[in-house]
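Written out below as C-alpha cells is the structure these notes cover.
The values are calculated or read from the model by the stated rules, or taken from the named source; none is laboratory data. Predicted model only: the values in this text are computed from it and were never measured. Don't worry about glycine lacking a Cβ; one is built from the backbone with ideal geometry, like all the others, and counts go over all protein chains shown.
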Amino acid sequence: DTFAEAQQLLSQLSSYISPIEKLHCIQNALRSVIYVLLKKKASSLDNSSQYELFTVVDLILATMKLIQEISCKNWFSECMFLQHSIHETIQTSEKDIHFYYFVFKMAV
C-alpha cells in the first residue's frame, strides 16, 4: 500500500539533519500520497468524467490524515526549522519542493 509507504517515509523526517534531506523526505512522502489519490480517482471514474482530478485541498486533507497517523510531537518545529532555511536550500531546478513544503505546512 502506497499510503503506508508515505507514512513510513514521513515518519523518518526527524531522523534527517539537513534541511534539504528533510525537504526531500517530505517531497517523496507527498509524491506517494499523490499516487494514492490518482489511483483512487482513476478507480472511481466513469467514462463521462475521465478528466476529473483532485485538488490541492484533497492533497492537504490526505496529508493531514497522514500526519495524524504518525506519532511525532514536533511537526510544528520541523515546519519552523524548514521555513527559516528553505530559501537558501532550494536550487532553481528544485522549485517544486516549495509546493510540497507548502502542502506539508498547511497540513501541519
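General observations
- Ser71 passes every criterion in (1) within 18 Å of Phe3 (Cβ to Cβ); (2) surrounded by 12 or more Cβ atoms within 10 Å (Cβ to Cβ); (3) modelled with pLDDT under 90; (4) not aromatic (Phe, Trp, Tyr) apart from (2).
- The stretch 87-108, residues that are under 20 Å from Ser11 (Cα atoms) and touching a residue at least 60 places away in the same chain (Cβ under 8 Å): Ile97, Tyr100, Tyr101, Val103, Phe104
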